[in-house]
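To start, the structure itself, in C-alpha cells.
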Amino acid sequence: RLLCEPQLAHLGRAMGCDSVNSLLTTRGKDGAVAMRADRPMLVVSSTSWTADEDFSILLAALVAYDAQAAAPAADGATLPPLVVLITGKGPLRAYYEGEVARLGLQRVHIATAWLSAEDYPLCIGSADLGVSLHTSSSGLDLPMKVVDMLGCGTPVCAYRFSCIGELVTEANGLVFSSADELASQLQELAASRHGARYHRLLRGAAEFRRIDWDANYGPVLELVERGLAPAAARAGLQASPIGAPRRAE
C-alpha cells in the first residue's frame, strides 16, 4: 500500500513490484503469500533533517555498500540490494534529496517520505534494520527513534556517543563512529541476514519490547520513594503511595 503513494512509487518500479510481487513478498498460484527469495534488505532511518544529524555519513556508507554489492565476489556470494527509507521532514530534506539524486547508485535504492502516525510503526516494524544518526551535545539525551525501532523489534545501527549504550547493546544492535564503520556493519548484516548473528540481534530487539511501562515504573517509583522518605521524615511528612510527600496526621 505504501508503495502506491507518489512519494514511494519509484521504489516499487525499481524493485519489480506488481500484482504478484510486493517489495518483500510474493503471492503463489494458490494465493499463499511468502517472503521473496530475492527480496532486498529494508533499512529505515528517521530524522528531523537538521544539522544535528550528519546524513553524509549514511550516504557515504551506502555508496561503499553499492560498490561492494556490484563487485563480483570470489565465492560467488552477492550482497542483497538495499532499500533505504528515510522518514521525516525538516529544513535539510531538500538538500539531501539533491545529494541522493546525484549518487547514481545501482544496488541501493533510497527514498524519503513523511509517514502518518499509523504507517510509521508499521514501516519500522517491517524493516530489517534501523539506522540512527542522532548525536547529543550533552551526551545525556537518548534518541527516541532508537526506542521506536527497538520497540518495533528492529535491530539498530546507531551513531556512537557517551550514553547510547543505555539503549543499544551488543544484544540488539551495533554502534559506529564513521561512514566506513557503518558501511562494514551494513555489509556484514546484509551478508548474514539469514545467519546466527543477525538473528541474535533480532532476539535482542524482541527482548527489548518486553520492557514496558509497568516494568519500568515500579523500580523507578521505589527509588523515588526511598529518596523521599528521609527528607519527608525530617519535615514531619509521610511519603504517599505515589511518591509525593504528605503531612502526617
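The values are calculated or read from the model by the stated rules, or taken from the named source; none is laboratory data. All values derive from a computational prediction rather than experimental measurement. No Cβ is skipped: glycine too gets one built from the backbone with ideal geometry, and neighbour counts run over all protein chains shown. Remember, those area values only see protein heavy atoms, side chains included, never the ligands or the DNA or RNA. Shrake-Rupley method; radii C 1.70, N 1.55, O 1.52, S 1.80 Å.
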Subset of region 21-45 [more than 23 Å from Cys152 (Cβ to Cβ) and either among the hydroxyl-bearing types (Ser, Thr, Tyr) or open to solvent by 70 Å² or more (accessible area, probe 1.4 Å) (or both)]:
Thr26, Arg27, Lys29, Asp30, Ala37, Asp38
I need the full set of residues from region 98-108 which are open to solvent by 40 Å² or more (accessible area, probe 1.4 Å) and touching a residue at least 24 places away in the same chain (Cβ under 8 Å), in order please.
Glu99, Leu103, Gln106, Arg107
Could you count how many residues in region 200-222 are open to solvent by less than 50 Å² (accessible area, probe 1.4 Å) and either without any contact (Cβ under 8 Å) to a residue 24 or more places away in the chain or at positive phi (or both)?
2
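How many residues, within region 88-97, are of a type in the set (Lys, Arg) and either open to solvent by less than 60 Å² (accessible area, probe 1.4 Å) or at pLDDT 95 or above (or both)?
So the count comes out to 1.
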I'd like to check something: does region 62-78 contain any residue that is over 20 Å from Gln187 (Cα atoms) and not small (Gly, Ala, Ser)?
no
Here is a check on your reading of the model: is Leu92 touching a residue at least 24 places away in the same chain (Cβ under 8 Å), out of contact with any strand residue (DSSP E or B) (no Cβ under 8 Å at 6 or more places or on another chain) and within 16 Å of Ser45 (Cβ to Cβ)?
yes
Matching residues, region 81-109, being part of a loop (DSSP other than H, G, I, E, B) and either over 22 Å from Leu122 (Cα atoms) or touching a Ser or Thr at 6+ places or on another chain (Cβ under 8 Å) (or both)
Gly88, Lys89, Gly90, Pro91, Leu92, Arg102, Leu103, Gly104, Leu105, Gln106, Arg107
Sort through Leu150, Leu174 and tell me the only one that's in contact (Cβ under 8 Å) with a residue 40 or more places away in the chain and either part of a loop (DSSP other than H, G, I, E, B) or within 15 Å of Val43 (Cα to Cα) (or both).
Leu150
Within region 115-125, identify whether any single residue is open to solvent by 10 Å² or more (accessible area, probe 1.4 Å), farther than 22 Å from Thr154 by Cβ and in a loop (DSSP other than H, G, I, E, B), and answer yes or no.
no
Of residues in region 46-65 being buried (at least 22 other Cβ atoms within 10 Å of the Cβ) and either out of contact with any helix residue (DSSP H, G or I) (no Cβ under 9 Å at 6 or more places or on another chain) or modelled with pLDDT of 95 or more (or both), the one farthest from Thr25 (Cα to Cα)
Glu53
Of the conditions (1) open to solvent by 70 Å² or more (accessible area, probe 1.4 Å); (2) modelled with pLDDT under 75; (3) part of a loop (DSSP other than H, G, I, E, B), the single one that Gly243 does not satisfy is (1)
Could you tell me whether any residue of region 70-87 is of a type in the set (D, E, K, R), open to solvent by 30 Å² or more (accessible area, probe 1.4 Å) and touching a residue at least 40 places away in the same chain (Cβ under 8 Å)?
no
Across region 131-150, what is the number of residues that are surrounded by fewer than 24 Cβ atoms within 10 Å (Cβ to Cβ) and either in contact with a helix residue (DSSP H, G or I) (Cβ under 7 Å, 6 or more places away or on another chain) or aromatic (Phe, Trp, Tyr) (or both)?
4
Go through region 168-199 and report how many residues are farther than 24 Å from Ala69 by Cα and surrounded by fewer than 19 Cβ atoms within 10 Å (Cβ to Cβ).
3
